Amino acid sequence: MALKTGTIRQTVFFQTSPNDVYDALLNPRKHGEFTGSPATSDSRVGGRFTAWDGYITGKHLELVRGKRIVQEWKTSEWPAGYPPSRLQFNLSLKRGGTELRMLHSKVPAEQVASYREGWVDSYWNPLKEYFTNKRR
């Protein structure tokens with residue numbers, strides 16, 4: 001039986017530098033500041049990370065500061081038998097800030113809709129607020 005998966009694509013703009021966005025996603029202290037929940041990260045290729053107090057776990061596959069993050073990613077609600085998903089963030093300098101292009105593939109099909117919404121509610125909106133507050 002083939003496991004059904006889906007892909008989430010999102011593009012978000014932040015009024016800050018690509019390095020700031022990269023650091024907020026990878027630095028456990030900064031990640032915890034904008035999500036309001038504990039995170040860990042061994043920020044090197046092959047290093048493991050957690051977010052949302054262990055709800056999300058994974059491994060860093062590729063790290064290029066200010067440019068790209070590629071990870072294996074899953075949650076504690078992952079269906080049995082599914083391998084980790086692949087999460088890729090591409091960061092690029094755009095006028096006045098950073099464009100983040102996310103490609104989240106191999107997501108269990110029945111979870112695509114909730115994770116699509118979760119990225120916006122739990123990451124992009126709080127991260128925009130975090131950078132707005134840092135400029136004040």
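Since every read-out is calculated from the coordinates, none of them should be taken as a lab result. Nothing here was measured: the structure is a model prediction, and the numbers come from that model. Here Cβ is always computed from backbone atoms with ideal geometry, including for glycine, and neighbour counts include all displayed protein chains.
Taking 0.36 nm per residue of separation and subtracting the Cα-Cα distance, what length does fully extending V64 through T5 add?
This chain segment gains 18.5 nm when fully extended.
Mind checking which aspartates and glutamates have their C-alpha under 18 Å from K74, skipping anything on the same chain fewer than 8 residues away?
D42, D53, E62, E110, E117, D121
For each pair in K4/K128; K30/K106; K30/K128, compute the distance between the two Cα atoms and list the pairs where it is over 23 Å.
Correct reply: K4/K128; K30/K106.
Kirkwood Rh over Cα pairs of the chain into Stokes-Einstein at 4 °C, 1.567 mPa s: D in µm²/s?
The Stokes-Einstein estimate is 86 µm²/s.
With +1 on the Cβ of every Lys and Arg and -1 on the Cβ of every Asp and Glu, and nothing else charged, how large is the dipole of the range 25-136 about its Cα centre, in debye rounded to the nearest 20?
Approximately 700 debye in magnitude.
Classify the range 58-121: rounded, prolate or oblate, from the alpha-carbon gyration tensor (a ≥ b ≥ c, eigenvalue square roots; a/c under 1.5 rounded; otherwise prolate if a/b is larger than b/c)?
Since a/c reaches 1.5 but b/c is at least a/b, the shape of the range 58-121 is classed as oblate.
Give the relative contact order (percent, whole number) for the chain; include only Cα pairs under 8 Å separated by 6+ residues.
Here the relative contact order equals 30 percent.
What value, in deg cm²/dmol to 500, does the helix sum -39500 (n - 2.57) over DSSP H runs of n ≥ 4 give at 222 nm once divided by the residues of the chain?
So the calculated ellipticity at 222 nm is -7500 deg cm²/dmol.
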